Amino acid sequence: MSGQTTGGKTLYDKIWNAHVVRSEPDGTALIYIDRQLVHEVTSPQAFEGLRMAGRKPWRTAAVLAVPDHNVPTTDRSQGIADPVSREQVETLDANCQAFGITEFRMNDIRQGIVHVIGPEAGFTLPGTTIVCGDSHTSTHGAFGALAFGIGTSEVEHVLATQCLLQKKSKSMLVEVRGRVGPGVTAKDIVLAIIGEIGTAGGTGYAIEFGGEAIRALSMEGRMTVCNMAIEAGARAGMVAVDETTVEYVQGRPYTPTGDMWDQAVAAWFDLRSDDDARFDRVVTIDAVAIRPQVTWGTSPEMVLPVDARVPDPAQEKDEVKANGMRRALEYMGLKPGMAISDIAVDKVFIGSCTNSRIEDLRAAAAVVKGRKKAGNVKLAMVVPGSGLVKQQAEQEGLDRIFLEAGFEWREPGCSMCLAMNADRLEPGERCASTSNRNFEGRQGQGGRTHLVSPAMAAAAGVAGHFIDVCDLK
Amino acid sequence: MRKFETMTGKVVPMDRPNVDTDAIIPKQYLKSIKRTGFGVTLFDDWRYLDPGEPGMDHGKRRENPDFVLNQPRYRGGQILLARKNFGCGSSREHAVWALDDYGIRVVIAPSFADIFFNNSFKSGLLPIVLPEDVVDRLFQETFASEGYALTVDLEAQTVVTPSGQAYAFEVDEFRKYCLLNGFDDIGLTLRHADEIRAYEARRAREAPWLFN
């Protein structure tokens, strides 16, 4: 049966085994959840459910809440203008207060995107099970944790019981061999992986990312890779614990200290797959072959190197796939055969739970420094992942670099990744975006999204079109 | 949760792969703090010609006549027939609530995204995986005959066509049991509260830093 191994254990096996409370005869397990993150969009109905059933949260210390999807990225002193968005954020505030849950409120410096603030606060720890009513919860797997998105009914289930009913997934190892070349980032690695295995390639699997190129990534980079595991269809992505992990975790507000720290670190170093562990599927990717990536269609798997040309559906033998390509090209307003580097952009968005951490902002600022936003680019906005990321960036002077180049410097939140707040694309507008989904209408009805790395988004912002960041004059 | 009873329903063909949950229910409607009322904005961007916002009178909007849900022969269908990787993307359970609120009781596809698949069972929506060639055949039969309906029997785990052809499908025993009885998962889990407490006590000894 899937997921069962004799001999060596995978990282996934180890975390899974440590969390099984009980099992049903059909293999459904009740697994314990160490940490739950909560945001305003997928929680109101869960709290309402608790209330209706007269239930209380099982363990409030295991829950951390933050508003991120609806918050404005402009001046917040007047609160949220949109009454529907405001009601949702106020509902979160009221629920957290009523049920005794810690919340980083909108005007708290610690507020930010849920998948940025968890790791930043040290709430995300190696070896834990972490859930959130958000598909990008896979991000936290970068810490050698089992982290995945759930629906609102399950948010309520975890609040009420601290457990979830789950069947174990199959296991996949994605090994990225060798080192990437200049201008190639974690985002390019994960986009290339999705291009290789497809958006459903990881369905039913928990993916472990390994290999030299992954080991060489910072925690920010590993978070970017795990964040997009869901875009390959896998609910969970993870990376084994090493010195890089421990170094990042140490000294954060919710991180253990003293003897407890030593004890934790000793346990964490076992959070890697055994050498003789068997995976249900292994995919190997050659890092040297990865070029800076740009998506051209309406699914993250529709991705190509920046020096490629838009594909021709007429060359595609699979009719369902060819139709999908035609539809995508029509929506994106692109012609087969045109060079990716000839695609001009209207807007640039640097932010989201994929790419809004300090390292992402540094990479974008390094490209922008001493340059100006291109004349045809109507708006280039930088949205830090949290108040603390924003503060750090300002201490480093990154805000001034962006502002001098004509980029906007905003308040933290999900912003134009999904356009639930006021930040959005207008119909037909084309955006170089560091977010994670290029679905139809994702960034605003009729908007056209091209997913890229922060450096590539910055380069498009100053060139006015896609360009290999290494070719920027 | 509502019990799943054997049903016969008209089939709506959603003939495209990778239908994501952003398409099923666009983001602006996720601002609701309720669990109901999403049916009228199901597939909003595809279903209407004018942009939709929460609070609008959706009955007055311009429908896209080409969209499958607006074609008279498919209107009011209860079984959605879909292509591979249905429900990919965002974890929003609102996608399930929107389908349910519209009146869809079953989605049949060659494959589903994991989170959507899981969410479906929580609201009494039954996702059925059938082989790609069978789904293809069902698409052809749906296109060929107006009013085409299928009978779904969860107890027997079969989808039966008008001509009497029965296709078997798999479903986890535990999920089937919950769906047939309309059981609330949380209530079932809380029956094991002692085991959860025992686990916590053990875990607190093994990994005390998680229980500070």
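One table, with the values for the structure above:
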read-out	value
Among residues of the stretch B:175-194, those that are closer than 18 Å to B:Asn118 by Cβ, more than 9 Å from every other protein chain (Cβ to nearest Cβ) and not in a helix (DSSP H, G or I), counted	2
Residue match in the stretch A:129-142 (condition: assigned to a loop (DSSP other than H, G, I, E, B), under 19 Å from the mean Cα position of the chain (by Cα) and at pLDDT 95 or above)	yes
Members of the stretch A:158-178 that are β-branched (Val, Ile, Thr) and either within 7 Å of chain B (Cβ to nearest Cβ) or open to solvent by 10 Å² or more (accessible area, probe 1.4 Å) (or both)	A:Thr161
Failed criterion for A:Val225 (all others in (1) closer than 24 Å to A:Ala18 by Cα; (2) in contact with a Phe, Trp or Tyr (Cβ under 7 Å, 6 or more places away or on another chain) hold)	(1)
Subset of the stretch B:3-21 that is open to solvent by 30 Å² or more (accessible area, probe 1.4 Å) and either in a strand (DSSP E or B) or in contact with a His (Cβ under 7 Å, 6 or more places away or on another chain) (or both) - its residue that is farthest from B:Phe139 (Cα to Cα)	B:Thr8
Matching residues in the stretch B:37-57 - criterion: being among the aliphatic types (A, V, I, L, M), in a loop (DSSP other than H, G, I, E, B) and either open to solvent by 10 Å² or more (accessible area, probe 1.4 Å) or facing another protein chain (nearest Cβ under 7 Å) (or both)	B:Leu49, B:Met56
Residues (within 14 Å of chain B (Cβ to nearest Cβ), crowded, with 24+ Cβ neighbours inside 10 Å and in contact with a helix residue (DSSP H, G or I) (Cβ under 7 Å, 6 or more places away or on another chain)) located in the stretch A:442-462	A:Arg442, A:Gln443, A:Arg448, A:Leu451
Count of residues meeting criterion [more than 16 Å from A:Trp16 (Cα to Cα) and either part of a helix (DSSP H, G or I) or in contact (Cβ under 8 Å) with a residue 40 or more places away in the chain (or both)] in the stretch A:150-167	11
Members of the stretch A:336-368 that are over 26 Å from A:Ala308 (Cβ atoms), among the basic types (Lys, Arg) and touching a Leu at 6+ places or on another chain (Cβ under 9 Å)	A:Arg362
In the stretch B:130-149, the residues that are open to solvent by 60 Å² or more (accessible area, probe 1.4 Å) and part of a loop (DSSP other than H, G, I, E, B)	B:Pro131, B:Glu146
Flag if A:Arg105 is closer than 19 Å to A:Glu40 by Cβ, open to solvent by 10 Å² or more (accessible area, probe 1.4 Å) and in a loop (DSSP other than H, G, I, E, B)	yes
Enumeration of residues in the stretch A:345-392 that are closer than 19 Å to A:Phe466 by Cα and in contact with a Gly (Cβ under 6 Å, 6 or more places away or on another chain)	A:Val348, A:Lys372, A:Lys373, A:Ala374, A:Asn376, A:Val377, A:Ala380
So A:Gly204, is it closer than 26 Å to A:Asp274 by Cβ, at the interface with chain B (Cβ under 8 Å from one of its Cβ atoms) and at pLDDT 95 or above	yes
Among residues of the stretch A:40-58, those that are open to solvent by 40 Å² or more (accessible area, probe 1.4 Å) and on the phi < 0 side of the Ramachandran plot, counted	7
Hey, B:Gly187 on the phi > 0 side of the Ramachandran plot and not aliphatic (A, V, I, L, M) or not	no
Residue in the stretch A:108-157 that is farthest from the other protein chains (Cβ to nearest Cβ), counting only those that are open to solvent by 10 Å² or more (accessible area, probe 1.4 Å) and within 24 Å of A:Gly79 (Cβ to Cβ)	A:Ile109
Enumeration of residues in the stretch A:216-248 that are closer than 12 Å to A:Thr124 by Cα and surrounded by 24 or more Cβ atoms within 10 Å (Cβ to Cβ)	A:Met223
Selected residue (criterion: most open to solvent (accessible area, probe 1.4 Å)) from residues of the stretch B:95-111 that are within 11 Å of chain A (Cβ to nearest Cβ) and touching a Ser or Thr at 6+ places or on another chain (Cβ under 8 Å)	B:Ser111
Subset of the stretch A:426-438 that is open to solvent by 10 Å² or more (accessible area, probe 1.4 Å) and of a type outside the set (Asp, Glu) - its residue that is farthest from the other protein chains (Cβ to nearest Cβ)	A:Arg430
Residue, farthest from A:Gly428 (Cα to Cα), within the stretch A:317-348, restricted to residues that are modelled with pLDDT under 95 and among the acidic types (Asp, Glu)	A:Asp318
Failed criterion for B:Gly164 (all others in (1) of a type in the set (Gly, Ala, Ser); (2) at pLDDT below 95; (3) open to solvent by 40 Å² or more (accessible area, probe 1.4 Å) hold)	(2)
Of all residues making up the stretch A:52-87, the number that are closer than 20 Å to A:Gly387 by Cβ and either part of a helix (DSSP H, G or I) or within 10 Å of chain B (Cβ to nearest Cβ) (or both)	4
From the options B:Val152, B:Val159, residue that is buried (at least 23 other Cβ atoms within 10 Å of the Cβ), away from chain A (no Cβ under 12 Å) and either among the polar types (S, T, N, Q) or in a strand (DSSP E or B) (or both)	B:Val152
Failed criterion for A:Ile193 (all others in (1) of a type in the set (A, V, I, L, M); (2) at the interface with chain B (Cβ under 10 Å from one of its Cβ atoms); (3) touching a strand residue (DSSP E or B) at 6+ places or on another chain (Cβ under 7 Å) hold)	(2)
Subset of the stretch B:133-155 (residues that are in contact with a Ser or Thr (Cβ under 8 Å, 6 or more places away or on another chain) and over 16 Å from B:Gly9 (Cα atoms))	B:Glu155
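For every residue, the table says whether it meets (1) under 17 Å from A:Ala46 (Cβ atoms); (2) in contact with a strand residue (DSSP E or B) (Cβ under 6 Å, 6 or more places away or on another chain).
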| residue | (1), (2) |
| --- | --- |
| B:Thr8 | no, yes |
| B:Thr21 | no, no |
| B:Gln28 | no, no |
| B:Lys31 | yes, no |
| B:Phe38 | yes, no |
| B:Leu42 | no, no |
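Results for (1) open to solvent by 20 Å² or more (accessible area, probe 1.4 Å); (2) within 8 Å of chain A (Cβ to nearest Cβ); (3) in a loop (DSSP other than H, G, I, E, B), shown as yes or no for each residue.
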{"residue": "B:Ala23", "(1), (2), (3)": "no, yes, no"}
{"residue": "B:Leu30", "(1), (2), (3)": "no, yes, no"}
{"residue": "B:Arg35", "(1), (2), (3)": "yes, yes, yes"}
{"residue": "B:Gly59", "(1), (2), (3)": "yes, no, no"}
{"residue": "B:Pro72", "(1), (2), (3)": "yes, no, yes"}
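The values are calculated or read from the model by the stated rules, or taken from the named source; none is laboratory data. For clarity, every value in this text was computed on a predicted model and none was experimentally measured. So basically every Cβ, Gly included, is an ideal-geometry build from the backbone, and we count neighbours across all protein chains shown. Only protein heavy atoms, including side chains, enter the accessible area calculation; ligands, DNA and RNA are left aside. Shrake-Rupley method; radii C 1.70, N 1.55, O 1.52, S 1.80 Å.
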